[in-house]
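Comments concern the structure below.
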């Protein structure tokens with residue numbers, strides 16, 4: 001069981017890194033188109049210049065962070081937050097009407113709004129699963145380290161601190 005928990009976060013992080021890299025490269029290859037689609041959004045139009053560079057750069061940065069074991073856990077927290085923001089943007093687009101399209105690009109853009117929303121929600125669930133499994137895994141080993149570091153016969157409790 002611990003072995004499955006230990007491998008879940010790296011696998012999910014690799015999937016997120018692949019997805020973010022794919023989306024960032026696609027956006028950068030069609031930067032004018034990406035900027036125009038952001039400009040068409042009533043909520044983000046005034047920020048289209050900054051976002052057209054900021055989003056792909058953030059995605060690439062986060063992809064690198066997710067691949068570095070030392071930073072994987074905080075990177076996964078940020079990745080889930082970013083995916084949540086993207087999901088919120090899709091919900092905004094769904095409420096704006098059928099004329100506004102997603103600016104993700106590639107196969108993701110062709111999913112349509114409902115399937116895209118489900119796709120993002122699936123990634124959020126995956127990310128949260130990786131975070132939860134890593135948290136439980138870390139907590140388990142933290143408990144073991146604390147128990148093994150106490151001298152024999154010493155008990156835990158508030159009386160020790162006095």
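The values are calculated or read from the model by the stated rules, or taken from the named source; none is laboratory data. Keep in mind the model is a prediction, meaning the values are calculated, not measured. Counting neighbours? That spans all protein chains shown, and the Cβs are built from the backbone with ideal geometry, glycine included.
Going by the conditions given, is residue 34 modelled with pLDDT under 95, in contact with a helix residue (DSSP H, G or I) (Cβ under 9 Å, 6 or more places away or on another chain) and farther than 17 Å from residue 102 by Cα?
Spelling it out, it is not the case that residue 34 is modelled with pLDDT under 95, in contact with a helix residue (DSSP H, G or I) (Cβ under 9 Å, 6 or more places away or on another chain) and farther than 17 Å from residue 102 by Cα.
The set of residues in the stretch 37-69 that are modelled with pLDDT of 85 or more and outside any helix (DSSP H, G or I) contains only 68. Of the helices (runs of 4 or more DSSP H) lying entirely inside the stretch 79-162, the ones with 3 or more residues being modelled with pLDDT under 70 are found at 113-149, 158-161.
Residue-by-condition table, conditions (1) more than 13 Å from the chain's Cα centre (by Cα); (2) surrounded by 19 or more Cβ atoms within 10 Å (Cβ to Cβ); (3) closer than 27 Å to residue 132 by Cα; (4) in contact (Cβ under 8 Å) with a residue 12 or more places away in the chain:
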| site | (1), (2), (3), (4) |
| --- | --- |
| 21 | no, no, yes, yes |
| 32 | yes, no, no, no |
| 39 | yes, no, no, no |
| 52 | yes, yes, no, yes |
| 60 | no, no, yes, yes |
| 78 | no, no, yes, yes |
